[in-house]
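Below is one structure, written out as structure tokens; the observations come after it.
Taken together, the values in this text are just the output of simple stated rules run on the coordinates, not laboratory data. Worth saying up front: this structure is predicted, and the values here are computed from it rather than measured. Note: ideal-geometry Cβ built from the backbone for every residue, glycine included; neighbour counts use all protein chains shown.
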């Protein structure tokens, strides 16, 4: 995802200089050389406050494309150095701690946008775009999947993003709105089926955590029902649900013949080892907002079908996750995003400008109102 953000920033004429930072200096230098003359490299441990302060102080805006476990620290450093920041999120409870620092960020004159990838991130902005068009909103349905174009058994899935993030989605409770109130639902249940254009056809959608992000809090009491489901090829959810119920996703260490190990650790390693390479992937998004305009029923729907890019050799997941973050990073500096504080995407990011920025990058967002 960091490479995807760098690729996008390299092609943005308003960007003067980009620092690629990584704990592996050779990886940082390699990417900087690949991206061109306005790039430089820094060795940086994303957990080291002093190193972070030094590098954050050198730039106007930061895209944090590392583990969610350091996002709170990065927010604190951004406030200290007066640097705009966005991250790719991954954990709702971390985001809530970041948002507690909003007043401090506002006083520092900066904008921090957590959860700024594809889902959450792009989908928050698309949901808000639909909500803004209606007088009253009855429901918001967010359906998203990162899939192989040519799926391989037994799971018909490849590790299109981090295995840590994937398992989190499958084990943590799902925060949704039901009858206008925030409730928690079980993951890997609530299967429904949706049809997409060929070659995808019939796909299943099921509860996963994290996708609604801050939307339920932002719209509690204003919208009756709001939920998020992950799209997969049919049969995937049932298999992963079996792993969950067998305890293979448990993070609690257990004794196995004298060795203490968490089953989740073993499952993650096996998935990394045995799932097929990503290959040519696709990202499918459908955000459906139902309600009315002054009493007349309306449905506003946004759909994205984005494919692996042959020319750049970027996966679709890299494009749809990293490009929103790099766009928000530059929008915070340019003034397109004017509000300051730690703000979720649906609050901070102006939808029409964001959609235009995505289209400039070749991510086609189809809008239907009916």
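Compute the length gained on full extension between residue 179 and residue 103: take 0.36 nm times their separation in residues and subtract their Cα-Cα distance, giving the result in nm to one decimal.
Values: separation 76, 0.36 × 76 = 27.36 nm, distance 3.09 nm.
Between residue 179 and residue 103, full extension yields 24.3 nm more.
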A chain fully extended from residue 293 to residue 257 at 0.36 nm per residue, minus the present Cα-Cα distance, gains in nm 6.6 nm
Return the calculated 222 nm mean residue ellipticity for the chain, to the nearest 500 deg cm²/dmol, obtained by summing -39500 (n - 2.57) across DSSP H runs with n ≥ 4 and dividing by the residue count. -10500 deg cm²/dmol
Unit-weight point scatterers at every alpha-carbon of the chain, Debye formula, q = 0.06 1/Å: log10 I(q)/I(0) is -0.22
Taking 8 Å as the Cα distance limit and 6 or more residues as the minimum spacing, I'd like the relative contact order of the chain as a percentage. 21 percent
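Quickly rank 362-369, 90-97 as a protection proxy: mean count of other C-beta atoms within 10 Å, highest first. Can you show the working numbers first?
Working: 362-369: 13.8, 90-97: 18.6.
Top to bottom by mean Cβ count within 10 Å: 90-97, 362-369.
Please give the peptides 208-215, 321-328 ranked by average Cβ packing (other Cβ atoms within 10 Å per residue), highest first, as a rough proxy for protection.
Values: 208-215: 25.4, 321-328: 28.2.
Packing proxy ranking, top to bottom: 321-328, 208-215.
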For a label point 7 angstrom out from the Cα of residue 152 toward its Cβ, which stretches of segment 297-328 have the backbone nitrogen within less than 19 Å? 308-309, 314-318
Name the residues of segment 154-177 whose amide N is less than 11 Å from a point 7 angstrom out from the Cα of residue 242 along the C-beta direction? 155
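Roughly speaking, what is the stretch gain from residue 80 to residue 40, that is 0.36 nm per residue apart minus the C-alpha to C-alpha distance, in nm to one decimal?
Values: separation 40, 0.36 × 40 = 14.40 nm, distance 2.31 nm.
Stretched out fully, the residue 80 to residue 40 stretch lengthens by 12.1 nm.
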Nearest-0.05 FRET efficiency for residue 50 and residue 250, computed from C-beta distance (R0 56 Å): 0.95
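Rank-order 297-303, 262-268 by packing density, defined as the average count of other C-beta atoms within 10 Å over each peptide's residues, highest first.
Sorting 297-303, 262-268 by mean packing, highest first, produces 297-303, 262-268.
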What's the long-distance tail for segment 122-316, i.e. % of Cα pairs beyond 28 Å? 32 percent
